[in-house]
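The values are calculated or read from the model by the stated rules, or taken from the named source; none is laboratory data. Predicted, not measured: the structure shown is a model, and the values here were computed from it. Cβ: placed from backbone, ideal geometry, glycine included. Neighbour counts: every protein chain shown.
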Amino acid sequence: MREIYLRGFEIGFKEGGAKAAMMGYNRIGTVENAVNRALITDVLHGEWGSHAHCLTDGYATMIGCDKYENPDLQIRAGGGQLLNIMGYDGTNGLSERTTGSEKGREMMHDMCKRILYVYCNSNAMTTTRDYTPYWKYLLGGVDVLLVGGVALARWKDSRLRKAEEEEAETGQADKAKSDKA
């Protein structure tokens, strides 16, 4: 099996640098891949030295996945990220045996470390592209022009009113002078 079936995956993880694996609905012997400790922990994490995390290929208690993709067993096997396709029930199938024990919490901690390792080493953390569409810059420029135009119109209007008031005051002063004379 190591020479034929696993060789392609080994190349993908060792030479290709794969950071994650999706576990299919198949099995090796009588053990499902998603809960196969020998496959995930011993081979993937141990022999190949990968920090990869394993994701299930769809998990739903409603269709019986909990019978062969039990989340407790997945965490113990070294995998554990559930692709939950039928809604979240508040526990995701984790029992008190995992959440209530020190060893179970340690295994969940290791699973979280692997998931964060993959995320932090992905391009999601190294992106430098500005995702602002060009039309937003044009719209911003139009907004600046409109606000500037309104401010200029109000300023001119206030100057015009001030000039009219001064002219009216000057006209009244001239009329008062001519009445006295």
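Just a few scattered comments:
- Helices (runs of 4 or more DSSP H) fully within region 1-90 counting 1 or more residues that are loosely packed, with under 13 Cβ neighbours inside 10 Å and either modelled with pLDDT of 80 or more or not hydroxyl-bearing (Ser, Thr, Tyr) (or both): 7-14, 65-68
- Among the candidates ALA34, ALA38, residue that is touching a residue at least 12 places away in the same chain (Cβ under 8 Å) and not β-branched (Val, Ile, Thr): ALA34
- Test: residue in region 129-139 that is among the basic types (Lys, Arg) and part of a loop (DSSP other than H, G, I, E, B): yes
- In region 127-135 there is at least one residue matching the filter, namely being of a type in the set (Ser, Thr, Tyr), at pLDDT 80 or above and exposed (fewer than 10 other Cβ atoms within 10 Å of the Cβ).
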